[in-house]
Amino acid sequence: MASAAQPDSPASRAEAERWAREAVEAGRLERALAERLGAALGDPAVRGALCEAARESRRRGKGDVVTVSRNVFIPLTNLCRDRCTYCTFAKPEDSPEAKTYTLEEVAEVVRGGVATGCIEALFCLGDKPEVAYRGYRERLRARGFASTAEYLVEACRVAFEGGMLPHTNAGVLSQEEMARLRPWNASMGLMLETTSERLRGKGHAHYWAPDKAPAVRLRMHAEAGELGIPFTTGLLLGIGENASERVDTLYAIRELADRYGHIQECIVQPFHPKPGTPMRAASSLPDAEVAGWVALARLVLGPELNLQAPPNLAGEAVASSDALEQLLAAGLNDWGGVSPVTVDFINPEAPWPTLAELRRRTEAAGARLRERLPVYPEHVTGRPELFDERIRAALPRFADETGYARARGPGLAAGQEAA
């Protein structure tokens, strides 16, 4: 786990250039050097050296392809037992904004996704609300479900049978709950966010959030690895952690990927303060520094791991800034999920760029935009053991022979060829 200790001294430009070149050749950056470089990311010269090396690393591992997943976002319930000080998604049970989707509402969103050519049904929801809210617990039982996780299994079945591939991000789940979800999910995920135990202390972002304990989240990552589930993780930048703790989080992710081989992508996500939260007056990291952390993540994690940064969170004014271009220049190879149907319910104030805009700007930066499934082409074509038999049998309906999404358009079911 990370402590608050800082490296002795930040790196110089000459050191950054040398260490970054060596990391590209070796395939990854060693921890002591990453600590020094992380401490120096405020220096434009250091960032420039890292970004140049990260682009070369991406080229060697991923070529010129940047991927995106066309999806629908289904916030199955916005009730949550945690109270993170930066979150506006979670609502108390007595709030007029509290919402738990019925299975018919899930099916309705899926129909809209299929009609617009989406493949991924992204389920995001609060952590264990039945523990905190008696009324919700009783409503679940009245529907015949003992837990939110049990209800989620049924919702994922509805989405799969409706013509989409679910990806579940439901907070902390037990290994048994993940095993029950696996037959209906192409992939699952949990943002590690940070390995900082310090942020669980009084006055910090995760004090009222027991499910944000690093050991708990690391255990779920490991248990997903034991089950062989394609798994998404990531770090959250700017919630009170320091540079050393960010580096520690990256190395925890690398260790999990090395040990189990199931980490399909790492998201580098910047925090943006939201009105009405205890962290409303906190500052976001500058766009250039976010790009610097993307570059450092590429060098730490290596050329083969998929590295994502959400395009709607890239800057305060994505459409009028060069934030996307900075991220592309920092070595990412994926934009994550973008929906033509639903908003980002976690960050509703941050609209996604359209797929056409994302394609235009990606190609203007010298890359090619390809659509993928909730899982990546290399897993579709080369890792059949990662999927339950039901999902494995369904993948050819959605993916072409290279593992990318089949050509389709509005009005076509996912997996149906466009004329």
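Brief remarks follow.
- E304 meets the stated requirement of being acidic (D, E) and within 20 Å of A26 (Cα to Cα).
- Failed item in (1) surrounded by fewer than 18 Cβ atoms within 10 Å (Cβ to Cβ); (2) among the polar types (S, T, N, Q); (3) in contact with a strand residue (DSSP E or B) (Cβ under 8 Å, 6 or more places away or on another chain), with T277 passing the rest: (3)
- Just so you know, in the range 378-412 the residues that are at pLDDT 95 or above and of a type in the set (G, A, S) include one that is surrounded by the most Cβ atoms within 10 Å (Cβ to Cβ), and it is A405.
- Between G225, G292, G189, the distinction of being within 28 Å of S69 (Cα to Cα) and surrounded by fewer than 23 Cβ atoms within 10 Å (Cβ to Cβ) belongs to G225 only.
- Within the range 104-151, being of a type in the set (D, E, K, R) and either in contact (Cβ under 8 Å) with a residue 40 or more places away in the chain or not in a helix (DSSP H, G or I) (or both) holds for R111, E120, D127, K128, R143.
- Identity of the residue in the range 35-62, of a type in the set (A, V, I, L, M, F, W, C) and within 22 Å of the chain's Cα centre (by Cα), that ends up farthest from P286 (Cα to Cα): A54
- One residue stands out among those in the range 93-103 that are assigned to a loop (DSSP other than H, G, I, E, B) and in contact (Cβ under 8 Å) with a residue 12 or more places away in the chain: the one that is farthest from G171 (Cα to Cα), which is E97.
- Selection over the range 158-179 of residues that are more than 21 Å from K212 (Cα to Cα) and either of a type in the set (G, A, S) or surrounded by 17 or more Cβ atoms within 10 Å (Cβ to Cβ) (or both) gives a count of 9.
- Residue within the range 63-85 that is in a helix (DSSP H, G or I) and over 21 Å from H167 (Cβ atoms) present: no
- Some residue of the range 86-103 being of a type outside the set (S, T, N, Q) and touching a strand residue (DSSP E or B) at 6+ places or on another chain (Cβ under 6 Å): no
- Exclusive hit being farther than 20 Å from I267 by Cβ and either of a type in the set (A, V, I, L, M, F, W, C) or assigned to a helix (DSSP H, G or I) (or both), set A54, A45, A34: A45
The values are calculated or read from the model by the stated rules, or taken from the named source; none is laboratory data. Nothing here was measured: the structure is a model prediction, and the numbers come from that model. Cβ sites come from the backbone with ideal geometry, for glycine too, and all protein chains shown count toward neighbours.
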